[in-house]
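Heads up: the structure comes next, in structure tokens.
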Amino acid sequence: MKYTEKISNKLNELLEKNYDAEKGYLNAADNVESTKLKCFFRARASERSEFAKNLRTEILAYGQIPEDSGSLKGTMHRNWMSLKSLFSSNDEEAILEEAIRGEQASYDEYRDILKEDDFAPSTRKLLESQKQQIQSAINNLKLEEELA
């Protein structure tokens, strides 16, 4: 089986957004003082790196060429880049709020792409699993925000 260009493009968009999210989480970890939040953000960055690795493998398995880096466009990129403006103030609550917004946008992207019918079962399973992990991250971020 080989994916259509449309499906391949959508998977590559998710791949790029995971690269962007990884970078955003690493930036967040570097710009908070709380050791607990630093660890949390680094864990999320590692998770997103793993998401990207798994998506790359899946894209290659179905005869397509994966993207090599994050995007310079798109909703997720703008969400993560807006974190930069918050870093100067080291406002951990604002950083958490922005991370929640970024993750919610990511969750929405996964939900939307999963409406497609043209996925191999392995791809659908991978995307569903990643979507669930993103929902878990949202829940954890909201809990951290309440405690901040």
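The values are calculated or read from the model by the stated rules, or taken from the named source; none is laboratory data. Predicted, not measured: the structure shown is a model, and the values here were computed from it. Here the Cβ positions follow ideal geometry from the backbone for every residue, glycine too, while neighbour counts run over all protein chains shown. Side chains included, ligands, DNA and RNA excluded: accessible areas come from the protein's heavy atoms. Shrake-Rupley method; radii C 1.70, N 1.55, O 1.52, S 1.80 Å.
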Please identify every one of the GluC sites (Glu not before Pro) in the range 1-71 that sits in a loop by DSSP and has no more than 13 other beta carbons within 10 Å of its own beta carbon. Glu33
Grab the Cα-Cα distance for Gln104 and Glu145, subtract it from 0.36 nm times how many residues apart they are, and report the gain in nm with one decimal. 13.3 nm
Determine how large the accessible area of Thr57 is when every protein chain is in place; take a 1.4 Å probe and give Å² rounded to the nearest 10. 80 Å²
Leaving out ligands, DNA and RNA but keeping every protein chain, what accessible area does Lys53 have, in Å² rounded to the nearest 10, with a 1.4 Å probe? 110 Å²
At 1.4 Å probe size, put Lys17, Lys142, Lys38 in order of accessible surface, largest to smallest. Lys142, Lys38, Lys17
For the table Lys23/Lys115; Lys23/Lys53; Lys53/Lys125; Lys36/Lys131; Lys17/Lys53; Lys10/Lys115, the rows whose alpha-carbon distance is greater than 20 Å are Lys23/Lys115; Lys36/Lys131
